[in-house]
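Each reported figure results from applying straightforward, stated rules to the coordinates on display, with no laboratory input. This structure is a prediction, so every number in the text was calculated from the model and none was measured. Cβ placement follows ideal geometry from the backbone for every residue including glycine, while neighbour counts extend to all protein chains displayed.
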Amino acid sequence: PTPVPPTPTPEPVEELSSEWTPIEDVVDSYRSKGEITYSISGLPDTTNENVDLTMTFESEWVKADNPYGFNMASRMQGLSADIKNQDNAQDIPSEMEIRMVGDTTYMRFGDKKDWMVMPRGNAEGVETFNLTASDFFNGLEQMQKVGTETVNGIKTIHYTFDELQNYDTLLKDTIQSLAQEGENFDIKSIQGQVRGDLWVAKDGGYPVKFTFTMHVEAQVAVTVNGEEKTIPLVMDSQTSNEVYDVNADITIEPPVEASQQGQVHVPGFAPGAFPIPDQTTLQGAFGGMITLISQLSPEDIQAFYDQALSELGWSKQSGPMPLWSKGSFSFTLLVVPNDDGTTSITILTGK
C-alpha cells in the first residue's frame, strides 16, 4: 500500500501579553516618531460638520547622569484648518516642544524664542509628546503572532489583533467636547471596529513599532435649543509610532534662546552677561518675567545689583517698582524676602 505521509503539526498560535518591557529599561538612547489622524463626520451644523485633526510627534531620549536618570526632548506639530477656523483657535498652539535637561524643564508654545523655564521637580505632571504602545494596547489578550521582521535594523516579532468593541464612552466624551452651548447629545446606537499591529524587539522585549486604527459608526440624537434630530455620525482615527536610532550617540542640549542656570537672557545684555549673585539659582522664566531664588539677604542682593549694574552703565530710577535703563533698554528688578529665609529676585523685561 502507498504510505500515507504524516500530517504536519500546525505551529501553535502565539499570543502576546501586554506586559512588555519599557524601552527605557533596556536601552541607553533612542529616537521616535509618530502621527495621529482623527476625523469626525456628521456633526450638526451648529458645531462643525466635519472635524479633521492631524498631529505629528518626535521624541529623543538618552540616559544621563542627573537625579532623574535621563534627558529628553519631545515635539508636537500640526492642527488641521478645520480646527484652526474654530472660534477658540487662538487658544490652540500649532506647535509645542518640551525639553528636560539636567534639573530644568523648558517648554515653548509656537514661538521658538519664547521658552517657559522651570525646575524639573516642578514639572513632573507635564505631558510629553511621546506615544507609547501602552497607551493603546494595554489590556488586549487576543494578539496573534504574524512572524518575525526587521524594523529599523531591529529584529522584531510582529503581532496583530482585530476585534469589535463598544465605544460609547469614548465617542460621547469626544463629541461633547466639541459641543457648543445649548447642545445636548444622546448616543442611540454605536458599533466600532479596531485593528492594531505591534512589533516587539526579540532582544529586550520592548515595543519598536505599532499602528492602531479605529472606525466608529453611531446614531446620535442631538438637541439644539429644544429641537431634537437624529444624525448618523462616523469617527475614524489612525495612530502610528516607531522607534529608531536605538543606542545612537544622542545629545540633548538646553535651548540656546532660553534662560538657564548660571545665566539669564535680559534685553540689553550680551548672552550670559547679566550679573547673578552667588548662591542664586534660576527658578523660572516665561513671557518676559525671570525669577531667581537666592540664599543671600535682600540687602546683600540690592547692594550687589546697585554696584554691578551701575558699573555696566545702567541707571536706576527708584520707586516701588525699581526701573533700570540704558539707552533704549529697560527692565524692572524686584527683590522680595521669602518666609523660608530665601530671597526672590524678579526681573520684568519688555514694554
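Considering the Cα trace of region 265-351, what is its radius of gyration and what is Dmax, both in angstroms?
12.2, 38
For Gln261, list long-range residues whose amide hydrogen, built 1.01 Å from N in the peptide plane, is under 5 Å from its own amide hydrogen.
HN-HN under 5 Å from Gln261: empty list.
Each label point is 7 Å from the Cα along the Cα-to-Cβ direction; what then is the distance between the points at Val26 and Asp249, in nm?
My value for the distance between the label points is 2.6 nm.
Taking the Cβ-Cβ separation of Ser134 and Met289 as r and a Förster radius of 30 Å, what is the calculated FRET efficiency to the nearest 0.05?
Values: r = 37 Å, r/R0 = 1.24.
Approximately 0.20, to the nearest 0.05.
If the limit is 32 Å between Cα atoms, which of Lys33/Lys145; Lys63/Lys202; Lys63/Lys155; Lys63/Lys326 go over it?
Working: Lys33/Lys145 24 Å; Lys63/Lys202 22 Å; Lys63/Lys155 23 Å; Lys63/Lys326 44 Å.
Over 32 Å Cα-Cα: Lys63/Lys326.
Between Val26 and residues 5 or more places away or on another chain, which pairs have amide H atoms under 5 Å apart, with H built 1.01 Å from N, and which residues are they?
none
Counting only residues 5 or more places away or on other chains, whose amide H sits under 5 Å from the amide H of Thr105 once H atoms are built in the peptide plane?
Met118, Arg120
Each residue of region 228-242 in order: what ³J(HN,Hα) in whole Hz does its phi give by Karplus 6.51 cos²θ - 1.76 cosθ + 1.60, θ = phi - 60°, with x for Gly and Pro?
10, 8, 9, 10, x, 10, 10, 10, 10, 8, 9, 10, 9, 7, 8
Beyond 22 Å, what share of the Cα-Cα pairs of region 194-321 remains, rounded to the nearest whole percent? Before the final figure, lay out each step's value.
Numbers: 5422 of 8128 pairs.
Looking at region 194-321, the distances longer than 22 Å represent 67 percent of pairs.
In whole Hz and in residue order, list the ³J(HN,Hα) couplings for region 298-312 that follow from phi through the Karplus curve 6.51 cos²θ - 1.76 cosθ + 1.60, θ = phi - 60°; x for Gly and Pro.
3J(HN,Hα) across region 298-312, in whole Hz: x, 5, 5, 5, 4, 5, 4, 6, 4, 7, 5, 6, 5, 5, 8.
For region 203-255, what is the convex hull volume of its Cα atoms per residue in Å³? Let's see the in-between values first.
Values: hull volume 9.2 nm³, N = 53.
Spelled out: Cα convex hull of region 203-255, divided by residues, is 173 Å³.
Between Thr54 and Ser41, with labels modelled 7 Å along Cα→Cβ, what's the label distance in nm to one decimal, could you check?
1.6
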